[in-house]
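In what follows, a structure is listed as structure tokens, so that the remarks can point back to it.
The values are calculated or read from the model by the stated rules, or taken from the named source; none is laboratory data. Everything quoted here is computed from the prediction, not taken from an experiment. Cβ placement follows ideal geometry from the backbone for every residue including glycine, while neighbour counts extend to all protein chains displayed.
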Amino acid sequence: MRHEKLSPGILLAYEDYHRNGSEALAIHTRSLGIISPRSALKPIRTVVFIYCDEQADLSHLSEYGVQINQDRGRVRTAFLPIESLDRLSEEPAIERIKPSRKLHIRMDVAPGKVALPQFQQKNSQLSGKGVVIGVIDSGIDSAHPAFSGRILRIWDQTLSGKGVAEGKYGAELTDDQIAISIDTDGHGTHVAGIAGGSDKTFCGVAPEAEFIIVKTDLQDAHIADGVRYIFRVASDMGLPAVVNLSLGGHADGHDGTDSLSKIINSQTGPGRIVCTAAGNEGNDNIHGQTAVSKGKTSTMRFSAPLNQVGIVWLNGWYSKDSELEVSVRSPNGFVTPFQPVITDDNPSQEYNLSDTRVEIVTPGKDPINGDHNFFVQIRGTGDGKFNQPVPGGVWQLRLRNPASEETRVDVWTLDDASSVFFTGKSVADSVKIGSPGCASSTVTVAAYTSKNEYIDIDGKERQMGLELDTISEFSSEGPLRNGDRKPDIAAPGAMIVSALSSDADLDRSMIINSKFVALAGTSMATPFVTGLVALLLQRNPKLDPEALKELLRKNCSIPGKEKGAFDNKWGFGLINVEKL
């Protein structure tokens, strides 16, 4: 095993598997690309990103059960038995193996807030006709009248089938087959309706665009395959395309060098645009930051609820010019030793404390961005099969700097209950835009509150605790960890009325009528921009990401600030469509 080729997250899962058997991996299915077999006779498999030589031929790895989804490319996706990670790491052409991670899926007055009716009046020929809107999400209700006759294809990655050129899994559906795929979550249908639904009252932005839908299992490797798929199919049809990604996660470096962002950047170009959500963690203290002086120790505090969390991960990053030592203190005062950077052996070390089990991974520099990435995994006591919950209370992450100059450290909490947060001075209300919103080529969209009350299907007035006509408090803040400016712009994201999937079980308090529902989030702001991009691609099918973003920036503004000003919450401000 070449431990240095495995990123910290996947190394943790591999070590757990070899230490405690397949049962230990159950918890990892929530955060990594671990696929449990349907039969006990089949091996546990994992979905990964592979970094390798651009032209490397890896077909011979099939004899070890490794299924590579692309023949060429610097970053590829693969599906393999977890045991084959050992053999994969020994392959000379492979530089790095990173886990796929499971991401989270994140209009009646909204158009007027950004002057869309005025734009449409002056450009009445623009409706999205001749443009593909790709939606990678929870699926779509193909029977909804808002999409009638405009869904070209669905790649349902959750169904059994022969797959597509971009991945031999899932089923590709066309014509009458598309009804086989359903949207039980409702998120994808709502998103598609905002971008391009057709309805007299709740019309989407580009009501004549056509759709290519990818119903995803939310593995970011499969989302990457979905981006490739949409652009390939649209290209075969000779049509420009814009892809909507109203989803995201926080397990990478928050600097645009994560695997999904890299693939998106490689796929975009003239007539190929991607729009991404900034995220909905504006009110959540998922990010902590500290500075560790030379010869000193800094402590970051984070809190876990009592008897609610099965596992906690801390994802930490700091400069390539430093080397820090990492320790953890439990709420009961038990501590691990300080673990230094380990480059000549397995960097994953386990510590069995009296009240918890801690595993710390401190490898050398990440070969993709050159910085240091450490991972901490915390679980309650147990034998790997039957574990106690993580002890509740205030924990401490201790960071010691033996010899380097003062070093800034950024850490994000990840857990299976979304309830572990930094506390006190450790909290940093910034750098909360994760993958794929970090991708440099994407238009990353923050949410603006255009509506904070509505009448539900039962005639009850529903009022939301959001301040009207300003940036939504839940919208995630930038910038990126490396200082790059994100989000790009803001668009209406609360409360947005759009298509309701007939297969989704949503709360009646959000339902407007039998066909429409009101939701909020940067997930809703993003397809607003996606639909707008479809209109602009109809006007100029060769529009590229940089030209598009420059055009959008020129037509954005933050209330009370000079035009061109940037804010970590607003980006360059609320889009004004009228003069685009």
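When Lys168, Lys162 are checked against the criterion of being over 18 Å from Ala499 (Cβ atoms) and over 25 Å from the mean Cα position of the chain (by Cα), Lys162 stands alone in meeting it. Of all residues in segment 46-69, those satisfying the criterion of being touching a strand residue (DSSP E or B) at 6+ places or on another chain (Cβ under 7 Å) and among the aromatic types (Phe, Trp, Tyr) are Phe49, Tyr51.
Among all positions in segment 397-411, there is no residue which is at pLDDT below 95 and part of a strand (DSSP E or B). For Leu245, the conditions (1) surrounded by fewer than 24 Cβ atoms within 10 Å (Cβ to Cβ); (2) modelled with pLDDT of 95 or more all hold with the exception of (1). Here Ile511 meets the list (1) closer than 30 Å to Ala179 by Cβ; (2) of a type outside the set (Asp, Glu); (3) within 25 Å of the chain's Cα centre (by Cα) almost entirely, failing just condition (3).
Of all residues in segment 272-313, those satisfying the criterion of being out of contact with any Phe, Trp or Tyr (no Cβ under 7 Å at 6 or more places or on another chain) and aliphatic (A, V, I, L, M) are Ile273, Val274, Ala277, Ala278, Ala291, Val292, Leu306, Val309, Ile311, Val312. The residues listed here are Ala518, Ala491; of these, the one that is touching a Ser or Thr at 6+ places or on another chain (Cβ under 9 Å), closer than 25 Å to Gln125 by Cα, of a type outside the set (Val, Ile, Thr) and surrounded by 19 or more Cβ atoms within 10 Å (Cβ to Cβ) is Ala491. Within segment 220-261, the residues that satisfy the criterion of being over 27 Å from Ala447 (Cα atoms) and part of a loop (DSSP other than H, G, I, E, B) are Met237, Gly238, Leu239. Here Ala534 qualifies as assigned by TED's automatic domain parsing to the domain that holds Ala447, of a type in the set (A, V, I, L, M) and either surrounded by 14 or more Cβ atoms within 10 Å (Cβ to Cβ) or over 25 Å from Lys122 (Cα atoms) (or both). Checked against the criterion of being in contact with a Ser or Thr (Cβ under 9 Å, 6 or more places away or on another chain) and under 28 Å from Ile263 (Cα atoms), the candidates Val394, Val409 yield just one match: Val409. For Asn332, which of the numbered conditions (1) polar (S, T, N, Q); (2) out of contact with any strand residue (DSSP E or B) (no Cβ under 6 Å at 6 or more places or on another chain); (3) at pLDDT below 95 fails to hold? Condition (3) is where Asn332 drops out. Taking segment 416-429 as the range and being assigned to a strand (DSSP E or B) and either under 25 Å from Pro340 (Cβ atoms) or touching a helix residue (DSSP H, G or I) at 6+ places or on another chain (Cβ under 9 Å) (or both) as the test, only Phe422 passes. For the residues Lys451, Lys432, the requirement of being modelled with pLDDT of 90 or more, part of a loop (DSSP other than H, G, I, E, B), closer than 30 Å to Leu548 by Cα and among the basic types (Lys, Arg) singles out Lys432. In this structure, Glu208 does not qualify as surrounded by 16 or more Cβ atoms within 10 Å (Cβ to Cβ), closer than 15 Å to Ile230 by Cβ and not small (Gly, Ala, Ser). The set of residues from segment 270-296 being of a type in the set (Gly, Ala, Ser) and either at positive phi or part of a loop (DSSP other than H, G, I, E, B) (or both) comprises Gly271, Ala278, Gly279, Gly282, Ser293, Gly295. Among the residues making up segment 198-214, those that are over 21 Å from Arg272 (Cα atoms) and of a type outside the set (Lys, Arg) are Ser198, Asp199, Thr201, Phe202, Cys203. Name the residues in segment 320-337 that are part of a loop (DSSP other than H, G, I, E, B) and crowded, with 17+ Cβ neighbours inside 10 Å, would you? Of everything in segment 320-337, those that are part of a loop (DSSP other than H, G, I, E, B) and crowded, with 17+ Cβ neighbours inside 10 Å turn out to be Ser322, Glu323, Leu324, Ser330, Pro331, Thr336. What do you reckon, is Gly573 at positive phi and surrounded by fewer than 21 Cβ atoms within 10 Å (Cβ to Cβ)? In short, no. Taken as a whole, the structure places Ile97 among residues that are within 30 Å of Asn346 (Cα to Cα) and among the aliphatic types (A, V, I, L, M). Selection over segment 40-79 of residues that are part of a strand (DSSP E or B) and out of contact with any Gly (no Cβ under 6 Å at 6 or more places or on another chain) gives a count of 13.
Quick grid of which residues meet (1) farther than 21 Å from Ile360 by Cβ; (2) among the acidic types (Asp, Glu); (3) buried (at least 20 other Cβ atoms within 10 Å of the Cβ):
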| residue | (1), (2), (3) |
| --- | --- |
| Ile10 | no, no, yes |
| Tyr14 | no, no, yes |
| Ala24 | no, no, yes |
| Ile50 | yes, no, yes |
| His60 | yes, no, no |
| Thr77 | yes, no, yes |
| Leu88 | yes, no, yes |
| Glu91 | yes, yes, no |
| Arg101 | no, no, yes |
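Go through the residues of segment 292-306 one by one and say whether even a single one is surrounded by 17 or more Cβ atoms within 10 Å (Cβ to Cβ) and over 29 Å from the mean Cα position of the chain (by Cα). Within segment 292-306, one or more residues are surrounded by 17 or more Cβ atoms within 10 Å (Cβ to Cβ) and over 29 Å from the mean Cα position of the chain (by Cα).
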